[in-house]
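Written below as structure tokens is the structure these notes are about.
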Amino acid sequence: MMSPMAHYEVINVGAPDQWRDYFGGFRPDTSRDGRRVVDHEMKNQYIGLTVNALEPGEEAGYWHDHSDVEEIYVFIAGRGQMGLGDDLVEVEAGSVVRVGQNVMRTWRARPDSPGQLRWLCIRAGSTELPEFPNDATRDMDRGMLW
């Protein structure tokens, strides 16, 4: 849903235990079960988002890097591993991993994971974020809607 009067959109990607039911990707040849490219469904301008779910033992099957984009992986369920350059990093619910430009990366759900490895991948780049938002305006006098 996009508001005709405001520049916002609302979609529902379902509960994390439903993410495996998605089939998607950035291109038809790289689409797979358990991936939904949310920014393809919205009019995102600066931020990309995927929701993901892998079964225990399943892996990405490829490495990749980005020259401009920075990614944040937010793990919410399961146990897995990320290959980051020459390093192997253990991840689980609560792990947040930032991966900068030109770092090769891949991931898998550990075969002994107690359930699906589920995570959000948030992508942004091309312009640096300031330490503190410098384009915001606060209105301390406006009443709350609740």
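The numbers here are math on the coordinates, done by the rules we state, and not lab data. The shown structure was predicted, so the numbers you read here are calculated from the model rather than taken from an experiment. Cβ placement follows ideal geometry from the backbone for every residue including glycine, while neighbour counts extend to all protein chains displayed.
Quick notes on this one:
- Taking the square roots of 5 times each eigenvalue of the Cα gyration tensor of the chain, largest first, gives ellipsoid semi-axes of 29, 19, 16 Å.
- Gaussian network model of the chain, Cα within-10 Å springs - most flexible of Asp65, Asp21, Asp86: Asp86
- Exposure proxy shown here: for Trp63, Trp107, the number of other Cβ atoms within 10 Å sets the order, fewest to most, as Trp63, Trp107.
- Measuring gaps between exposed loop sites in the chain (GluC sites (Glu not before Pro); DSSP loop; at most 15 other Cβ atoms within 10 Å), the longest gap, sites not included, is 42-127.
- Net charge of the neighbourhood of Asp39, taken over other residues with C-beta under 12 Å away and scored Lys/Arg +1, Asp/Glu -1, is +1.
- Summarising the label geometry, the points placed 7 Å from Cα in the beta-carbon direction at Asp29 and Ser67 lie 1.9 nm from one another.
- Look at Leu120, Leu88, Leu54 and count the other Cβ atoms within 10 Å of each Cβ; fewest to most, that gives Leu88, Leu120, Leu54.
- Taking the fewest neighbouring Cβ atoms within 10 Å as the starting point, the ordered list for Asp39, Asp139 is Asp139, Asp39.
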